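The values are calculated or read from the model by the stated rules, or taken from the named source; none is laboratory data. This structure is a prediction, so every number in the text was calculated from the model and none was measured. Ideal geometry is used to build each Cβ from the backbone, glycine not excepted, and the neighbour counts take in all protein chains shown. Ligands, DNA and RNA are excluded from the accessible area calculation, which covers all protein heavy atoms including side chains. Shrake-Rupley method; radii C 1.70, N 1.55, O 1.52, S 1.80 Å.
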Amino acid sequence: MTDASTTTDSTAVLTGMYAAEAAYLAAGGPGKASFAPLAPYFSPDVVLHQAEALPFGGTWRGHAGMERFFLAMSLTWESFDMVEQEFLATGETAVVLTQVRARARTTGRELAFPILQTLTIEDGRIARVQPFYWDTAAIAEACAGPAGVA
(Lines give C-alpha, C1' and ligand atoms only; values in the text may rest on other atoms or scores of the structure.)
Protein backbone atom coordinates (compact mmCIF):
# COMPACT_ATOMS: atom_id res chain seq x y z
CA MET A 1 0.00 0.00 0.00
CA THR A 2 1.20 3.50 -0.76
CA ASP A 3 2.07 5.53 2.31
CA ALA A 4 0.20 8.83 1.99
CA SER A 5 2.87 10.64 3.98
CA THR A 6 5.57 9.93 1.39
CA THR A 7 3.78 10.84 -1.84
CA THR A 8 2.19 13.91 -3.34
CA ASP A 9 0.75 11.99 -6.29
CA SER A 10 -3.00 12.53 -5.95
CA THR A 11 -3.88 9.29 -7.76
CA ALA A 12 -1.79 7.28 -5.28
CA VAL A 13 -3.30 9.17 -2.34
CA LEU A 14 -6.86 8.61 -3.56
CA THR A 15 -6.31 4.97 -4.52
CA GLY A 16 -4.76 4.31 -1.11
CA MET A 17 -7.53 6.13 0.74
CA TYR A 18 -10.33 4.30 -1.08
CA ALA A 19 -8.61 0.95 -0.40
CA ALA A 20 -8.17 1.88 3.30
CA GLU A 21 -11.82 2.98 3.44
CA ALA A 22 -13.00 -0.32 1.94
CA ALA A 23 -10.88 -2.28 4.45
CA TYR A 24 -12.17 -0.10 7.31
CA LEU A 25 -15.79 -0.71 6.34
CA ALA A 26 -15.20 -4.44 5.73
CA ALA A 27 -13.71 -4.69 9.22
CA GLY A 28 -16.93 -3.31 10.70
CA GLY A 29 -16.39 0.44 10.39
CA PRO A 30 -17.11 2.87 13.23
CA GLY A 31 -16.99 1.37 16.68
CA LYS A 32 -15.52 -1.89 15.43
CA ALA A 33 -12.50 -0.98 13.33
CA SER A 34 -9.72 1.50 13.92
CA PHE A 35 -9.70 4.74 11.93
CA ALA A 36 -5.87 4.68 12.13
CA PRO A 37 -5.28 3.15 8.65
CA LEU A 38 -7.40 5.94 7.10
CA ALA A 39 -5.92 8.84 9.09
CA PRO A 40 -2.66 9.21 7.08
CA TYR A 41 -4.65 9.94 3.93
CA PHE A 42 -6.42 12.94 5.48
CA SER A 43 -4.92 16.23 6.58
CA PRO A 44 -5.36 16.75 10.34
CA ASP A 45 -7.59 19.73 9.48
CA VAL A 46 -9.49 18.08 6.59
CA VAL A 47 -12.90 19.55 5.79
CA LEU A 48 -15.72 17.46 4.31
CA HIS A 49 -18.83 19.29 3.11
CA GLN A 50 -21.92 17.10 2.69
CA ALA A 51 -25.23 18.44 1.34
CA GLU A 52 -27.37 19.63 4.26
CA ALA A 53 -30.45 17.80 2.91
CA LEU A 54 -28.82 14.41 3.47
CA PRO A 55 -29.20 12.42 6.73
CA PHE A 56 -25.40 12.71 7.13
CA GLY A 57 -25.30 16.30 5.89
CA GLY A 58 -23.17 19.06 7.30
CA THR A 59 -19.55 20.06 7.54
CA TRP A 60 -17.16 17.56 9.13
CA ARG A 61 -13.75 18.79 10.28
CA GLY A 62 -10.52 17.04 11.22
CA HIS A 63 -9.90 13.37 11.89
CA ALA A 64 -12.48 13.35 14.70
CA GLY A 65 -15.02 14.83 12.31
CA MET A 66 -14.24 12.19 9.71
CA GLU A 67 -14.77 9.46 12.31
CA ARG A 68 -18.13 11.01 13.23
CA PHE A 69 -19.02 11.22 9.54
CA PHE A 70 -18.29 7.52 9.03
CA LEU A 71 -20.46 6.77 12.07
CA ALA A 72 -23.32 8.86 10.62
CA MET A 73 -22.93 7.00 7.32
CA SER A 74 -23.01 3.61 9.03
CA LEU A 75 -26.16 4.60 10.91
CA THR A 76 -27.76 5.66 7.61
CA TRP A 77 -26.69 2.85 5.30
CA GLU A 78 -26.88 -0.90 5.86
CA SER A 79 -24.66 -1.27 2.80
CA PHE A 80 -22.82 1.32 0.72
CA ASP A 81 -20.89 -0.21 -2.17
CA MET A 82 -18.75 1.86 -4.50
CA VAL A 83 -19.25 -0.36 -7.52
CA GLU A 84 -17.29 1.71 -10.02
CA GLN A 85 -14.93 4.66 -9.77
CA GLU A 86 -13.48 6.86 -12.45
CA PHE A 87 -10.74 9.39 -11.77
CA LEU A 88 -11.69 12.26 -14.08
CA ALA A 89 -8.94 14.64 -13.02
CA THR A 90 -5.92 14.37 -10.80
CA GLY A 91 -3.58 16.94 -9.39
CA GLU A 92 -3.99 19.34 -6.49
CA THR A 93 -7.69 19.28 -7.32
CA ALA A 94 -8.98 15.81 -8.14
CA VAL A 95 -12.40 14.83 -9.46
CA VAL A 96 -13.76 11.33 -8.90
CA LEU A 97 -17.01 9.91 -10.25
CA THR A 98 -18.30 7.03 -8.15
CA GLN A 99 -21.27 4.80 -8.91
CA VAL A 100 -22.87 3.71 -5.65
CA ARG A 101 -25.27 0.92 -4.76
CA ALA A 102 -26.66 1.34 -1.25
CA ARG A 103 -29.37 0.08 1.09
CA ALA A 104 -30.89 2.39 3.67
CA ARG A 105 -30.74 0.99 7.19
CA THR A 106 -34.09 2.42 8.35
CA THR A 107 -36.22 1.57 5.32
CA GLY A 108 -34.37 -1.23 3.57
CA ARG A 109 -34.76 0.68 0.32
CA GLU A 110 -32.05 0.15 -2.26
CA LEU A 111 -30.69 2.94 -4.40
CA ALA A 112 -28.15 3.26 -7.19
CA PHE A 113 -26.74 6.73 -7.71
CA PRO A 114 -23.63 8.61 -8.80
CA ILE A 115 -21.52 10.87 -6.62
CA LEU A 116 -19.11 13.35 -8.14
CA GLN A 117 -16.45 14.44 -5.65
CA THR A 118 -13.94 17.22 -5.84
CA LEU A 119 -10.99 16.67 -3.53
CA THR A 120 -8.13 19.00 -2.72
CA ILE A 121 -4.79 17.31 -2.11
CA GLU A 122 -2.19 19.26 -0.12
CA ASP A 123 1.19 17.88 0.95
CA GLY A 124 0.16 14.34 0.01
CA ARG A 125 -3.07 14.35 2.04
CA ILE A 126 -6.72 15.03 1.36
CA ALA A 127 -7.48 18.51 2.72
CA ARG A 128 -10.98 19.13 1.37
CA VAL A 129 -13.79 16.94 0.05
CA GLN A 130 -16.94 18.23 -1.66
CA PRO A 131 -19.34 15.53 -2.92
CA PHE A 132 -22.13 16.36 -5.36
CA TYR A 133 -25.23 14.16 -5.56
CA TRP A 134 -27.63 14.18 -8.48
CA ASP A 135 -30.75 13.79 -6.31
CA THR A 136 -30.40 14.52 -2.60
CA ALA A 137 -34.20 14.44 -2.18
CA ALA A 138 -34.38 10.81 -3.39
CA ILE A 139 -31.60 9.81 -0.99
CA ALA A 140 -33.21 11.62 1.96
CA GLU A 141 -36.62 10.10 1.14
CA ALA A 142 -35.19 6.58 0.89
CA CYS A 143 -33.65 6.98 4.34
CA ALA A 144 -36.56 8.83 6.01
CA GLY A 145 -38.81 6.18 7.44
CA PRO A 146 -40.59 2.90 6.86
CA ALA A 147 -40.70 1.72 3.24
CA GLY A 148 -43.72 3.09 1.41
CA VAL A 149 -44.08 6.08 3.73
CA ALA A 150 -43.03 9.48 2.39
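Determine the gain in length on full extension of the stretch residue 33-residue 83; use 0.36 nm per residue of separation and subtract their C-alpha separation, reporting nm with one decimal.
Here the answer is 15.8 nm.
Between helix 10-26 and the chain, what is the angle of the helix's C-alpha long axis to the longest principal axis, kept within 0 to 90° and rounded to the nearest 10?
On a 0 to 90 degree scale, this one is about 50.
Which value, in Å² rounded to 10, gives the accessible area of residue 68 with a 1.4 Å probe and all protein chains present?
130 Å²
Can you quote the Å³ per residue value for the convex hull of the Cα atoms in region 80-150, rounded to an integer?
Cα convex hull per residue, to the nearest whole number: 89 Å³.
Considering Cα pairs under 8 angstrom that are at least six residues apart, work out the relative contact order of region 91-150 and quote it in whole percent.
This gives 33 percent for region 91-150.
Treat each spin label as a single point 7 Å out from the Cα along the C-beta direction, and report the residue 128 to residue 19 distance in nm.
Here the answer is 2.8 nm between the modelled labels.
Enter the accessible area per residue of the chain (Å², integer; probe 1.4 Å; all protein chains in place).
Averaged over the residues of the chain, the accessible area is 50 Å².
Based on the alpha-carbon gyration tensor of region 60-114, what equivalent-ellipsoid semi-axes (square roots of 5 times the eigenvalues) come out, in whole Å, largest first?
23, 19, 6
Between beta-carbons, use under 10 Å as the cut-off and find the net charge around residue 74, counting Lys and Arg +1, Asp and Glu -1.
+1
Among DSSP beta bridges whose residues both lie in the chain, state the antiparallel percentage, nearest 5.
90 percent
Along the positive direction of the dipole of region 32-150 (beta-carbon charges: Lys, Arg +1; Asp, Glu -1; about the Cα centre), which of 74, 97, 40 reaches farthest?
Going by the charge dipole, the pick is 74.
Going by a ≥ b ≥ c, the root eigenvalues of the Cα gyration tensor, does region 27-104 fall in the rounded group (a/c under 1.5), the prolate group (a/b larger than b/c) or the oblate group?
rounded
Using only Cα atoms, find the angle between the long axis of helix 62-76 and the longest principal axis of the chain, and express it within 0 to 90 degrees, rounded to the nearest 10.
Orientation of helix 62-76: about 30 degrees from the principal axis.
Restricting to DSSP H runs of at least four residues, report the calculated mean residue ellipticity at 222 nm for the chain, -39500 (n - 2.57) per run over all residues, nearest 500 deg cm²/dmol.
That comes out to -8500 deg cm²/dmol.
Let me understand the chain better: what is its radius of gyration from the alpha carbons, and its Dmax, in angstrom?
Answer for the chain, Rg first and Dmax second: 15.1, 50 Å.
Before anything else, pin down the relative contact order of the chain: Cα pairs under 8 Å, at least 6 apart, normalised by residue count, whole percent.
23 percent
For region 80-88, take each phi angle, set θ = phi - 60°, evaluate the Karplus expression 6.51 cos²θ - 1.76 cosθ + 1.60, and give the result in whole Hz per residue in order, putting x for glycine and proline.
8, 9, 8, 7, 7, 10, 10, 8, 8
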